[in-house]
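Beneath this line is the structure, given in structure tokens, with notes to follow.
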Amino acid sequence: MSSTEDRGASEPESWNEWERVQSEPDFTELKRRLRVFVFPMTGLFLVWYLLYVLLADYAHGFMSTKVVGN
């Protein structure tokens, strides 16, 4: 039996397993916590990056200030 035949035979069983896992409260809580973390952090990163680009373009004096080193 080839590996493709093995996958086809167990597909309905694994699909039912996935549906069962998706409906569990722990999984829903995990998805909620992921969304609560990822979306705000993505927005924060985008704001930080756009601020960096704008400062590099318009605030040459501020961006040329040495922080570490000679």
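Show me, for segment 13-27, the HN-Hα J-couplings you get by feeding each phi into the Karplus relation (A = 6.51, B = -1.76, C = 1.60, θ = phi - 60°), rounded to Hz, glycine and proline as x.
Result, rounded to whole Hz: 5, 5, 5, 5, 5, 5, 5, 5, 5, 4, 7, 6, x, 4, 5.
Suppose all protein chains stay in the model; what accessible area per residue would a 1.4 Å probe give for segment 13-62, in Å²?
On a per-residue basis, 94 Å².
State the extension gain, in nm to one decimal, for the chain segment bounded by residue 59 and residue 45, taking 0.36 nm per residue of separation less the distance between their alpha-carbons. Don't jump to the answer; show the numbers that get you there.
Details: separation 14, 0.36 × 14 = 5.04 nm, distance 1.99 nm.
Residue separation times 0.36 nm, minus the Cα-Cα distance, leaves 3.0 nm.
Can you run phi through the Karplus equation (6.51, -1.76, 1.60; θ = phi - 60°) for segment 45-55 and list ³J(HN,Hα) in whole Hz, with x for Gly and Pro?
Whole-Hz 3J(HN,Hα) from phi for segment 45-55: 4, 5, 4, 4, 5, 5, 4, 4, 5, 5, 5.
Just the Kirkwood number for segment 13-62, please: inverse of mean 1/r across all distinct Cα pairs, in Å, one decimal.
Its Kirkwood hydrodynamic radius stands at 14.0 Å.
Rounded to the nearest 0.05, what FRET efficiency do residue 38 and residue 70 have when you use their Cβ-Cβ distance and R0 = 25 Å?
With a Förster radius of 25 Å, E is 0.05.
The values are calculated or read from the model by the stated rules, or taken from the named source; none is laboratory data. Since this is a predicted model, take the numbers as computed values, not measurements. Glycine also receives a Cβ, built like all others from the backbone with ideal geometry; neighbour counts cover every protein chain displayed. Areas reflect the complete protein model, heavy atoms only, side chains present, ligands, DNA and RNA absent. Shrake-Rupley method; radii C 1.70, N 1.55, O 1.52, S 1.80 Å.
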